[in-house]
1. Give the relative contact order (percent, whole number) for the range 1-94; include only Cα pairs under 8 Å separated by 6+ residues.
2. Any idea which of Y110, I71, A100 is furthest toward the positive side of the dipole for the chain, if Lys and Arg beta-carbons carry +1 and Asp and Glu beta-carbons -1?
3. By count of other Cβ within 10 Å, fewest leading, how are K4, K44 ordered?
4. Sorted from fewest to most neighbouring beta carbons within 10 Å, what does the list S80, S60, S104 look like?
5. Among F11, F105, F41, whose mean-square fluctuation peaks in a Gaussian network model of the chain (Cα, cutoff 10 Å)?
6. Distance check, please: which entries in K44/K87; K4/K44; K4/K28; K4/K99; K4/K31; K16/K113 exceed 24 angstrom between their Cα atoms?
7. Helix by helix, which DSSP H runs in the chain go 18 Å or more along their axis at the Cα atoms and have an average Kyte-Doolittle hydropathy of -1.0 or more?
Amino acid sequence: MEVKRFFVTSFLKKFKEQIANGNFLLVKRRKNLQTLTTLGFNYKNLKEVLLSLTLEDFSSGPEPNEEFPGIIMVFGKNVSTHEIYIKVSNTDKSGIIRKAICISFHIADYPIKYPYKRG
């Protein structure tokens, strides 16, 4: 379990560095764009939520990424009374993130499980 905790925190650190460096992509799916509209969010707000992700927000992963080379990690976050399902990826199988990709950012279809959430 400790190895996975380290993996998640390491992934988040690198993921956030790429966002801060401007290496960021939101996959423009209808569901993602509808959620941004519902929340009254722009890209800056979206990036703020992604930069605020922590180990406690982790839900599942890593999983292989079919669309891009790399891995997928799933998180959840309560934003403006909505639980948001967040699926993110990197673009390098070695674990060196070259671009932070937000694949999903939408109101959760079902309750999200958080294995590291306290209380």
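1. Once normalised by length, the contact order is 20 percent.
2. Going by the charge dipole, the pick is A100.
3. On the way: K4 14, K44 7.
Ordered by Cβ neighbours within 10 Å, fewest first: K44, K4.
4. On the way: S80 10, S60 15, S104 20.
The order, fewest Cβ neighbours first, is S80, S60, S104.
5. Judging by the Gaussian network model, the answer is F41.
6. Going by Cα-Cα distance, K4/K44; K4/K28; K4/K31 fall outside the 24 Å limit.
7. Qualifying helices: 2-20.
Here, each number is a calculation from the coordinates, and none is a lab measurement. Since this is a predicted model, take the numbers as computed values, not measurements. Glycine gets a Cβ as well: all are built from the backbone with ideal geometry, and neighbour counts include every protein chain shown.
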